[in-house]
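Worksheet for the structure shown next.
The values are calculated or read from the model by the stated rules, or taken from the named source; none is laboratory data. Model, not experiment: these values are computed from the prediction. Note that we place each Cβ from the backbone using ideal geometry, even for glycine, and neighbour counts take in every protein chain shown.
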Amino acid sequence: MKISLILPAYNVAQYVGVCLDSILAQTHKNFEALIMDDGSKDKTLQILKDYARKDKRIKVFSHKNAGVTSSRNELLDKVSKDTDAIFYLDTDDMIHPKTLETLAYYMKKYKADVVECCLTRVEHNTILPEYKEVKYPRKDIKILDDMNIFWSNKTRIGPWINIWNKLYKWDKVKYLRFSNKLAYEEDYFYGCLVHDTISRKVLIPDVLYYYRKNPTSVNGKLNFERYVRTTANRIQLSYDTFLKTGKVPEKYRSDFEYDLVNDCYRMVIRKNLKKNKNFKSCKKMFLLSAQYINYFYNNKIVDFKRLNIIKRWMVFLTRHHQFILAKMLVQLT
């Protein structure tokens, strides 16, 4: 089985060597590592080129800074014709030496479209995590043949929404792309597209992915304006793609609708009011949030009656630009 690894890279000179070393240490040797340097300003590109000279399986590309979504989409267009599966990996993270071997084994054994492993978080200065022994086959795996359950809010949480702890059968996902409207939360929407496409998924309990707590990453340093706009875009995309088209089964429609309205409150309103310490910026983002909330309200994209009374009051205050009262009330949620 040939596996193509998809790696966007931006200003990760401190970490990318460790990431690539974990790739080259794989017991599964039939792979290509496709890496896009997204206009890095540090020595990332030079390090990538050094590794590419040492191993032909590492293929490095570069473009002007366009964001992780653009990088991944360009790399997906470069996947080799003889590829059987793809694996997403961030260049500040690491994988277990048996990650590809283990995931490929279960994909082949159970004819799965996606195989998902467990992940763990490591500190930003971790050079080499403690790898536990991995043996297979094992009995405590889960085989899922009904993807409809992933429309339920009981399962739409946790590592399933991450793109990078999974091996994907290429034939199943080769036509899927990340939305260029999403600078954040791109995993969530892509995950929905995947689960709307596949028919069998295997979950294994082995920890094979090591997620680095990188304080300089996109998630580590939050741009509130981009976050608000991106979240609003994702809510709109999710509504248009899955609810409006009737792709969500009636049994799970209520769950999916609640997810959207809760995100509308939690990520468009609450995140800024709770986390943004700059008063001027916070007020500006609050007024931007009000525009989106009023649009969603007037076009019945989300049903705010699903929220509890305090959250509904927050929506009311946002819609009517009551910044100070909203700032005070958010402390109760």
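Do we have any residue at all in segment 77-90 that's under 30 Å from residue 254 (Cα atoms) and in a loop (DSSP other than H, G, I, E, B)? Break it down stepwise before answering.
Our first condition is that a residue be under 30 Å from residue 254 (Cα atoms); within segment 77-90, this holds for none.
Within segment 77-90 (the criterion being under 30 Å from residue 254 (Cα atoms) and in a loop (DSSP other than H, G, I, E, B)), the answer is no, since none of the residues qualifies.
Just a yes or no: is a residue in segment 92-108 farther than 25 Å from residue 213 by Cα, touching an Asp or Glu at 6+ places or on another chain (Cβ under 8 Å) and either outside the structural domain of residue 143 (by TED's automatic domain parsing) or assigned to a loop (DSSP other than H, G, I, E, B) (or both)?
There is no residue in segment 92-108 that is farther than 25 Å from residue 213 by Cα, touching an Asp or Glu at 6+ places or on another chain (Cβ under 8 Å) and either outside the structural domain of residue 143 (by TED's automatic domain parsing) or assigned to a loop (DSSP other than H, G, I, E, B) (or both).
Residues to consider are 86, 127, 95; find the one that is under 18 Å from residue 20 (Cα atoms) and surrounded by fewer than 16 Cβ atoms within 10 Å (Cβ to Cβ). Step through it out loud before you land on a result.
Details: 86 fails: surrounded by fewer than 16 Cβ atoms within 10 Å (Cβ to Cβ); 95 fails: surrounded by fewer than 16 Cβ atoms within 10 Å (Cβ to Cβ).
Exactly one of 86, 127, 95 is under 18 Å from residue 20 (Cα atoms) and surrounded by fewer than 16 Cβ atoms within 10 Å (Cβ to Cβ), namely 127.
So if I check each of 127, 204, which one is at pLDDT below 85 and not in a helix (DSSP H, G or I)? Give the steps one after another, and end with the answer.
Working: 204 fails: at pLDDT below 85.
Going through 127, 204 in turn, the sole match is 127.
When you go through (1) on the phi > 0 side of the Ramachandran plot; (2) within 22 Å of the chain's Cα centre (by Cα) one by one for residue 93, which number turns out not to apply?
Of everything listed in (1) on the phi > 0 side of the Ramachandran plot; (2) within 22 Å of the chain's Cα centre (by Cα), residue 93 misses just condition (1).
Can you confirm whether residue 37 is under 18 Å from residue 170 (Cα atoms) and at pLDDT 95 or above?
Numbers: under 18 Å from residue 170 (Cα atoms): no; at pLDDT 95 or above: yes.
In short, no.
Among the candidates 134, 122, single out the residue that is of a type in the set (A, V, I, L, M) and touching a His at 6+ places or on another chain (Cβ under 8 Å). Outline the logic, then answer.
Details: 122 fails: touching a His at 6+ places or on another chain (Cβ under 8 Å).
After ruling out the rest, the residue left standing is 134.
Can residue 66 be described as buried (at least 17 other Cβ atoms within 10 Å of the Cβ), closer than 29 Å to residue 226 by Cβ and either of a type in the set (Gly, Ala, Ser) or not assigned by TED's automatic domain parsing to the domain that holds residue 204 (or both)? Write out each step before concluding.
Numbers: buried (at least 17 other Cβ atoms within 10 Å of the Cβ): no; closer than 29 Å to residue 226 by Cβ: yes; either of a type in the set (Gly, Ala, Ser) or not assigned by TED's automatic domain parsing to the domain that holds residue 204 (or both): yes.
Considered against the rule, which asks whether it is buried (at least 17 other Cβ atoms within 10 Å of the Cβ), closer than 29 Å to residue 226 by Cβ and either of a type in the set (Gly, Ala, Ser) or not assigned by TED's automatic domain parsing to the domain that holds residue 204 (or both), residue 66 comes out as no.
Among the residues of segment 179-200, which ones are part of a loop (DSSP other than H, G, I, E, B) and under 10 Å from the mean Cα position of the chain (by Cα)?
So in segment 179-200, the residues part of a loop (DSSP other than H, G, I, E, B) come out as 179-185, 196-200.
Passing the criteria: 184, 185.
Which of the residues spanning segment 25-60 are among the hydrophobic types (A, V, I, L, M, F, W, C) and crowded, with 16+ Cβ neighbours inside 10 Å? Outline the logic, then answer.
So in segment 25-60, the residues among the hydrophobic types (A, V, I, L, M, F, W, C) come out as 25, 31, 33-36, 45, 47-48, 52, 58, 60.
31, 33, 34, 35, 36, 45, 47, 48, 52, 58, 60 - these are the residues of segment 25-60 that are among the hydrophobic types (A, V, I, L, M, F, W, C) and crowded, with 16+ Cβ neighbours inside 10 Å.
Condition (residue is modelled with pLDDT of 90 or more and of a type in the set (S, T, N, Q)) applied to segment 245-258: is it met by at least one residue?
Taking segment 245-258 first, the residues modelled with pLDDT of 90 or more are 245-258.
Still in the running and of a type in the set (S, T, N, Q): 245, 254.
Yes, the conditions are met somewhere in segment 245-258.
Condition check ((1) under 17 Å from residue 301 (Cα atoms); (2) not assigned by TED's automatic domain parsing to the domain that holds residue 173) across all residues:
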{"residue": "200", "(1), (2)": "no, no"}
{"residue": "203", "(1), (2)": "no, no"}
{"residue": "228", "(1), (2)": "yes, yes"}
{"residue": "234", "(1), (2)": "yes, yes"}
{"residue": "239", "(1), (2)": "yes, yes"}
{"residue": "248", "(1), (2)": "yes, yes"}
{"residue": "251", "(1), (2)": "no, yes"}
{"residue": "265", "(1), (2)": "yes, yes"}
{"residue": "268", "(1), (2)": "yes, yes"}
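Give 239, 168, 209, 190 a once-over and let me know the one that is modelled with pLDDT of 85 or more and surrounded by fewer than 20 Cβ atoms within 10 Å (Cβ to Cβ).
Result: 239 is the single residue among 239, 168, 209, 190 that is modelled with pLDDT of 85 or more and surrounded by fewer than 20 Cβ atoms within 10 Å (Cβ to Cβ).
Of the conditions (1) surrounded by 18 or more Cβ atoms within 10 Å (Cβ to Cβ); (2) charged (D, E, K, R); (3) under 18 Å from the mean Cα position of the chain (by Cα), residue 101 fails just one. Which one is it?
Residue 101 satisfies all of (1) surrounded by 18 or more Cβ atoms within 10 Å (Cβ to Cβ); (2) charged (D, E, K, R); (3) under 18 Å from the mean Cα position of the chain (by Cα) except (3).
List the number of the failed condition for residue 134; all other conditions in (1) surrounded by 21 or more Cβ atoms within 10 Å (Cβ to Cβ); (2) β-branched (Val, Ile, Thr); (3) part of a loop (DSSP other than H, G, I, E, B) hold.
(1)
For residue 244, state whether it is closer than 19 Å to residue 224 by Cβ, out of contact with any Cys (no Cβ under 6 Å at 6 or more places or on another chain) and surrounded by fewer than 16 Cβ atoms within 10 Å (Cβ to Cβ).
Working: closer than 19 Å to residue 224 by Cβ: no; out of contact with any Cys (no Cβ under 6 Å at 6 or more places or on another chain): yes; surrounded by fewer than 16 Cβ atoms within 10 Å (Cβ to Cβ): yes.
Answer is no for this residue.
Taking segment 285-333 as the search range and keeping residues that are part of a helix (DSSP H, G or I) and of a type in the set (Ser, Thr, Tyr), which one is nearest to residue 226 (Cα to Cα)?
The first filter runs over segment 285-333 and keeps only residues part of a helix (DSSP H, G or I), leaving 285-298, 304-306, 309-319, 323-332.
Applying the additional criterion that residues be of a type in the set (Ser, Thr, Tyr) yields 289, 292, 295, 297, 318.
Working: 289: 11, 292: 13, 295: 18, 297: 21, 318: 18 Å.
Here the residue is 289.
Among 234, 177, which is of a type in the set (Lys, Arg), in contact with a helix residue (DSSP H, G or I) (Cβ under 7 Å, 6 or more places away or on another chain), at pLDDT 90 or above and surrounded by fewer than 18 Cβ atoms within 10 Å (Cβ to Cβ)?
Just a single option satisfies the conditions, and that option is 177.
Residue 280 - would you say it is free of Cβ contacts under 8 Å to residues at least 40 places away in the same chain, of a type in the set (Lys, Arg) and over 18 Å from residue 238 (Cα atoms)?
So residue 280 passes the test.
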